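Chemist: Below you'll find the structure I mean.
The values are calculated or read from the model by the stated rules, or taken from the named source; none is laboratory data. Please read these numbers as outputs of a predicted model, since none were measured by experiment. For accessibility, only protein heavy atoms count, side chains too; no ligands or nucleic acids. Shrake-Rupley method; radii C 1.70, N 1.55, O 1.52, S 1.80 Å.
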Amino acid sequence: MKQKKIKKLLVLMGTACLSLNMFICPAATIATHAAESETITPYSDIVEWRYKIENGKIYKRLYNCSTGNWEGDWIYLGEYPG
């Protein structure tokens, strides 16, 4: 009988400690403040193909939108069908 009371008391104390820890712990507050002050920087550049038509021929070339520079030379694709 006495063991049941001790077990109930231990379960009650453990539950109370866990509940209080959730309200007192500042980890959630620290994480939200850090997220508000951070700026997002991409790890890789944004690169896309650019096309041009010259003298009835179509060409493509890689353009780095992040730096504003061309990547490589113009590549001939063929005659423009239009």
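Chemist: Over the heavy atoms of residue 6, what accessible area does a 1.4 Å probe trace out, to the nearest 10 Å²?
Modeler: Counting only protein heavy atoms, the figure is 90 Å².
Chemist: Given H placed on each backbone N at 1.01 Å, which residues far from residue 80 in sequence or on other chains put an amide H within less than 5 Å of it?
Modeler: 57, 58
Chemist: Under 30 Å from the Cα of residue 52, which lysines turn up, not counting those fewer than eight places away in the same chain?
Modeler: 60
Chemist: Could you name the lysines whose alpha carbon sits less than 16 Å from that of residue 5, not counting residues in the same chain fewer than 8 places away?
Modeler: Those lysines meeting the cut-off do not exist here.
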